[in-house]
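**Q** Dropping the structure in here first, questions after.
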Amino acid sequence: MESLYLLIPLSIVLVFVIGFLFWWSVRSGQFDDMEGPAYRMLMDDDRPDAGSDRSPKETAKTPSDES
């Protein structure tokens with residue numbers, strides 16, 4: 001029974017801490033764009049640089065280039 005005197009206030013403090021952290025994350029914009037990072041992961045990064053006039057095939061190493 002004596003453990004309840006410790007566990008109940010600890011649980012109330014924990015609820016307030018979790019609530020504050022959730023409020024802070026919402027206010028700082030953590031949940032503004034939920035779909036953007038998923039689409040960015042799927043974007044193709046194999047495009048050549050804007051200043052480069054060589055194609056990606058010319059810049060890629062082949063096994064015959066190593067010897």
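**Q** Condition first: hydroxyl-bearing (Ser, Thr, Tyr) and not in a helix (DSSP H, G or I). Now tell me which residues in region 1-48 satisfy that.
**A** From region 1-48, those hydroxyl-bearing (Ser, Thr, Tyr) are 3, 5, 11, 25, 28, 39; that's our starting set.
The answer is Ser28, and nothing else.
**Q** Looking only at region 20-66, count how many residues are of a type in the set (Val, Ile, Thr) and at pLDDT 65 or above.
**A** So the first thing to find is which residues in region 20-66 are of a type in the set (Val, Ile, Thr), and the list is 26, 59, 62.
Of the ones still in play, those that are also at pLDDT 65 or above are 26.
Within region 20-66, residues that are of a type in the set (Val, Ile, Thr) and at pLDDT 65 or above number 1.
The values are calculated or read from the model by the stated rules, or taken from the named source; none is laboratory data. Since we're looking at a predicted model, the values are computed, not measured.
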